[in-house]
Amino acid sequence: MTRPAPAQDATLEDWLHYLETLHPKAIDLGLERVRAVAERLGISLDCVRIVVAGTNGKGSTCAMLDSILRTAGYRVGLYTSPHLLRFNERICINGEQATDEAIIEQLQRVEAARGEISLTYFEMTTLAAFLLFQSEPLDVVVLEIGMGGRLDAVNIIDADCSILTSVDLDHMQWLGNTREAIGFEKAHVFRPGRPAICADPLPPQTVLDHAQEIGADLWRFGIDFNYSGDRQQWAYGGRGQRRAALGYPALRGANQLINASAALAALEALRERLVVTQQDVREGLLNVNLPGRVQILPGLPHIILDVAHNPHAAAALGQSLDAMGHYPHTYAVVGMLHDKDIEHTLERMARRIDRWMCTSLGGPRGTTAQELSEVVHRVSGGELPVDAFVEHTSEISRSKKPGVRTAPRPAVAHRDVQVSTFDTPQQAFAEARKQATDNDRILVFGSFATVGPILDVLRQEGRDTAAYVGRGR
């Protein structure tokens, strides 16, 4: 039975609930349906279009581009997903989140145009975002791919420059079980004759082959662009441009300089259309803000928020934790979705966690706390991964599984690991705060659906979390 569209006075929350039940599948990759509706709506973004794909690093790269370009005086439309607290975070125009009223107006237009065509939640909201951007006098749009690339709704936009941040194992149910298969899907954001920035140090051969097959202008990290740095500053070097004496991005994380380099490579490739000065880059990187990416809050105990939800992201998070120095105990509030590689993700964190607070996540994709706790017990003994794979060294190609290597855990590494289960992230976080001393740290990770509720708790307490994004390397 088809549900009627929300009434004229419906709220954005009403619309989002409606969209969740509109299509028989929550995820239904393919461009035929969404492209047909886009044509009915006459969607055409008449500005510079940058599309960003990748397993990890997409959000950070988009945020850096947005911040730098706005600092340079350009009007920028930014589309990202998913969101942490409010849906409106996904659609930003010149640094401001779209209002409920503006989003509803465009959803009504999409609903009227789709007719008999069934669209998913993501497809409907993506078209609404494009309509909003089309109605504004924008100079640039920065668009984050939701999943994969080839069949993602965002890919109906013909990119002037595409960025592929990284390729690793995630969303395997839809994209394939190997880096080669996943790389093939993601490489389809490239366009013939246009800049295609690849920031993965060891891209799958499928990425290189597809770029060559379509005649994309491929920029490879380590070949066409790179970075160097010391404790005080870093420098970008591209095909014909060098930017020296740069301050480190305001975003923390082991791979943020790779992400920043990809953003600068895109700007170099587009420099005939977008003029960006050295000072624009410095200020843009200094002021970039993206909650939930190695976000460290001041005060005691230290609280670290990170949306890492796959092995590659967890390994990068682990490197960042190691760089923070010694803490007597690390408490981890973790909740994950069942379609993620839970075992290898938690495995990458196991040796760093003393007290696990496993939480259930709701919805059809959620995992129960009990299921998580069983995985934690399993990975806290036996074998542990070698984190060096996050840098995508040649070791990947020698591993038994793509992106995964293991080494025996030394007998002296045995630690007293405790595991507790909770119904909600808020309950798990409250217990972690109760148990932790001022010398300990609390880590919240595993999903946007885990970090988001904790950010909400902290903001309700009056903490300006947006100002607490960790700065430096």
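The values are calculated or read from the model by the stated rules, or taken from the named source; none is laboratory data. Quick caveat: nothing in here was measured; it's all calculated off a predicted structure. With ideal geometry, Cβ positions are generated from the backbone for all residues, glycine too; neighbour counts draw on all protein chains shown.
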Subset of the range 205-230 (residues that are touching a residue at least 12 places away in the same chain (Cβ under 8 Å), farther than 19 Å from Arg179 by Cα and not in a helix (DSSP H, G or I)): Gly215, Ala216, Asp217, Trp219, Gly222, Asp224, Phe225, Asn226, Tyr227, Gly229
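Every residue, every condition in (1) part of a helix (DSSP H, G or I); (2) in contact with a strand residue (DSSP E or B) (Cβ under 7 Å, 6 or more places away or on another chain); (3) among the hydrophobic types (A, V, I, L, M, F, W, C); (4) under 24 Å from Ser261 (Cα atoms), yes or no:
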residue: Gln106; (1), (2), (3), (4): yes, no, no, no
residue: Leu119; (1), (2), (3), (4): no, no, yes, no
residue: Glu136; (1), (2), (3), (4): no, yes, no, no
residue: Val141; (1), (2), (3), (4): no, yes, yes, yes
residue: Gly148; (1), (2), (3), (4): no, no, no, yes
residue: Val154; (1), (2), (3), (4): yes, yes, yes, yes
residue: Asp168; (1), (2), (3), (4): no, no, no, yes
residue: Glu185; (1), (2), (3), (4): yes, no, no, yes
residue: Pro192; (1), (2), (3), (4): no, no, no, yes
message: When you check Arg3 against the structure, is it basic (Lys, Arg), touching a residue at least 60 places away in the same chain (Cβ under 8 Å) and surrounded by fewer than 20 Cβ atoms within 10 Å (Cβ to Cβ), yes or no?
response: no
message: If I filter the range 137-144 for residues that are assigned by TED's automatic domain parsing to the domain that holds Gly193, within 30 Å of Leu286 (Cβ to Cβ) and in contact with an Asp or Glu (Cβ under 8 Å, 6 or more places away or on another chain), do I get at least one hit?
response: yes
- prompt: Which one of these is under 23 Å from Arg220 (Cα atoms), modelled with pLDDT under 95 and either in contact with a strand residue (DSSP E or B) (Cβ under 9 Å, 6 or more places away or on another chain) or of a type in the set (D, E, K, R) (or both): Ala315, Ala266?
  reply: Ala315
message: Checking Ala413 against (1) at pLDDT 90 or above; (2) more than 22 Å from Ile296 (Cβ to Cβ); (3) of a type in the set (A, V, I, L, M), only one condition comes out false. Which one?
response: (1)
query: Being modelled with pLDDT of 50 or more, of a type outside the set (Ser, Thr, Tyr), outside any helix (DSSP H, G or I) and buried (at least 20 other Cβ atoms within 10 Å of the Cβ), is that true of even one residue in the range 379-401?
result: no
task: From the list Ala53, Ala38, pick out the single residue that is more than 23 Å from the chain's Cα centre (by Cα), surrounded by 19 or more Cβ atoms within 10 Å (Cβ to Cβ), over 14 Å from Val140 (Cβ atoms) and of a type in the set (Gly, Ala, Ser).
output: Ala38
- line: Exactly one of His338, His302, His326 is touching a strand residue (DSSP E or B) at 6+ places or on another chain (Cβ under 9 Å), surrounded by fewer than 21 Cβ atoms within 10 Å (Cβ to Cβ) and without any contact (Cβ under 8 Å) to a residue 60 or more places away in the chain, and that residue is His338
message: So if I check each of Asp152, Asp139, which one is acidic (Asp, Glu) and closer than 30 Å to Thr206 by Cα?
response: Asp152
query: How many residues does the range 286-316 contain that are touching a Ser or Thr at 6+ places or on another chain (Cβ under 7 Å) and part of a helix (DSSP H, G or I)?
result: 4
- request: State yes or no: is Asp230 modelled with pLDDT of 95 or more and not assigned by TED's automatic domain parsing to the domain that holds Gln319?
  value: no
